[in-house]
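First comes the structure, then the notes that go with it.
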Amino acid sequence: MEREKKELSTIHERDIDKLLENTGIKNDFLAGKLHCKFCDEIVNRENVYSFLPESGAINVICDKPECVTELLSYVEEKKKKITEK
């Protein structure tokens, strides 16, 4: 059985402020203005699962299981489109 290799970029929770500053979304994140890409729930420190850079913007994903599943499917579909070109 052959294993599939996947690249994973992670950030420690203590480095989130630096990420937020570097991407220019810190004020909006802290003010509760950022919504999950998939369910539109407000994302904060307690429910943030992922940050998704896309087309020059940073999308945020909440930790609801259905949103995490949607994120994984979304990323796989984007990879398929890239490899098909």
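The values are calculated or read from the model by the stated rules, or taken from the named source; none is laboratory data. Every value quoted in this text rests on a predicted model; they were computed, and no experiment measured them. Cβ placement follows ideal geometry from the backbone for every residue including glycine, while neighbour counts extend to all protein chains displayed.
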**Report entry** Test for L19: is it surrounded by 13 or more Cβ atoms within 10 Å (Cβ to Cβ) and not in a helix (DSSP H, G or I)
**Finding:** no
Query raised in the report: Regarding K37, is this residue surrounded by 15 or more Cβ atoms within 10 Å (Cβ to Cβ), at negative phi and without any contact (Cβ under 8 Å) to a residue 12 or more places away in the chain?
Result: no
Query raised in the report: Do we have L71 as among the hydrophobic types (A, V, I, L, M, F, W, C), surrounded by 10 or more Cβ atoms within 10 Å (Cβ to Cβ), at pLDDT 95 or above and part of a helix (DSSP H, G or I) here?
Result: yes
Report task. Could you list all residues from the range 54-73 that are under 20 Å from I11 (Cβ atoms) and without any contact (Cβ under 8 Å) to a residue 24 or more places away in the chain? Result -> E54, G56, A57, N59, D63, V68, L72
